[in-house]
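Written out below as structure tokens is the structure these notes cover.
The values are calculated or read from the model by the stated rules, or taken from the named source; none is laboratory data. Worth saying up front: this structure is predicted, and the values here are computed from it rather than measured. Please note: Cβ atoms are built from the backbone with ideal geometry, for glycine as well, and neighbour counts cover all protein chains shown.
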Amino acid sequence: MSRAIPWRVRFAQHLIGINGAAYWPMHPHSQLAYPNRVLLGRDSWPGIEPLCYVSANMGLVIGDGVRIGREVGLITGNHDPTRLTNYLEVAPQIIGHHCIVEDGCTILPGVELADFCIVTRGSVVTRSCLKPRSILTGNPAKVVGTHDRPVPAIAADAKHGYIPAADFDAFSRRNLRHQYLGRFGAAFTPPSSIASRP
């Protein structure tokens, strides 16, 4: 069975409209920008804890079973120093399957975390870590070891936020901005139309 969504979160999102644009559960005290540039795995809810900042202006890809703590910043874009209304082009931020990002962490633009990484409390991740099962800590975060934590099971009925897994492909094609999802966006780009013959 999937994780239960706290009633206060549902109330804030669906009745009051706080973080209502997110297609996943988000705490009313967390902030969100550009939800249509987030590709979310099953059973992953960025911002479900309070005081998180999820800014996906340059694209954010989150794998299955990711856990994100309180006061986490997922920042995907840097302002252009010559024109502050623009953003510098960077690759999307990617957080692999079953990663844990503990309380108070910040992950900066263009960072990719391999599957099963753990980012310890208060760390600032400035560079990608492509080695699975790494433990990162510090500011800037560095790999300090590895772990052998067992892979947690994901319930068969786990959803992509509020979207059932069976409907997510169609939802993504209709609603997500694929050009911001890097190599992952190609999977949801509609095939080119083939002209019908008379």
The one condition N57 fails out of (1) at pLDDT below 95; (2) more than 14 Å from the chain's Cα centre (by Cα); (3) more than 21 Å from N139 (Cβ to Cβ) is (2)
Cβ pairs under 8 Å, 6+ apart or interchain, first in the range 96-115 and on the phi < 0 side of the Ramachandran plot, second aromatic (F, W, Y), ordered by first then second residue, are G96/F116; H97/F116; C99/F116
Can we say A4 is out of contact with any Ser or Thr (no Cβ under 7 Å at 6 or more places or on another chain), assigned to a loop (DSSP other than H, G, I, E, B), surrounded by 15 or more Cβ atoms within 10 Å (Cβ to Cβ) and of a type in the set (G, A, S)?
no
Test result for M26, over 17 Å from G161 (Cα atoms) and of a type in the set (A, V, I, L, M, F, W, C):
no
Being surrounded by fewer than 19 Cβ atoms within 10 Å (Cβ to Cβ) and more than 15 Å from E102 (Cβ to Cβ) is the filter here; which residues of the range 28-54 pass it?
P28, H29, Q31, A33, Y34, N36, Y53
Output for the range 152-187, where each listed residue is of a type in the set (A, V, I, L, M, F, W, C) and in contact (Cβ under 8 Å) with a residue 60 or more places away in the chain
I154, A155, A158, I163, A165, F171, L176, L181, F184
Report every pair of residues separated by at least 6 positions or lying on different chains whose Cβ atoms are under 6 Å apart, first residue within the range 131-144 and on the phi > 0 side of the Ramachandran plot and in a loop (DSSP other than H, G, I, E, B), second modelled with pLDDT of 95 or more and loosely packed, with under 15 Cβ neighbours inside 10 Å.
R133/T146; R133/H147
